[in-house]
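First up is the structure itself, then whatever we jot down about it.
Nothing in this text is a laboratory measurement; each read-out follows from the coordinates by a stated rule. Computed from a predicted model, the values in this text were never measured in an experiment. Ideal geometry is used to build each Cβ from the backbone, glycine not excepted, and the neighbour counts take in all protein chains shown.
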Amino acid sequence: MGDPGDETHANRGFNIHLGSTGCQADGKTSAPEEACLYPNTVQVCLGGQDGANFDAATNTVVFDVKDVLAESDVTIDDEAPAGCMSFPGDSACNTIMPRLNLPYAFSDEQVYPAVGQHFVRME
């Protein structure tokens, strides 16, 4: 993997846009009346299933994109904009969406299963 900080990659960036896809709505700014095919909603449970081990006064919630990008090469995405935009067919999402605990449908025939939530943790 190349160095994202070198001049080859200057000012390019790598985006992760988590949005619902497969939605039917009257317009781009209108909410859909029915559920989207891929709502791409992440559920996070801190401190166990019932949250009993989470104390807001002493625990810290950490959002760490490093683990989400662990299997991604952020230097080679030639699509514009660079990164994962959540749409079916976006190859940059093949490893990112599953690490958000979301199955990712690259196509109707090729679905990458969720592998667990690797973005939010409690310390």
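Let a ≥ b ≥ c be the square roots of the eigenvalues of the Cα gyration tensor of segment 77-123; is it rounded (a/c under 1.5), or, if not, prolate (a/b larger than b/c) or oblate? Oblate, because a/c is 1.5 or more while a/b does not exceed b/c. Extending 7 Å from the Cα toward the beta-carbon at both D55 and T41 defines two label points whose distance is 3.2 nm. Taking the Kirkwood radius as Rh and the Cα radius of gyration as Rg, segment 53-102 has a ratio of Rg/Rh equal to 1.14.
Label-to-label distance, M122 versus D67, with points set 7 angstrom from Cα along the beta-carbon direction: 1.4 nm.
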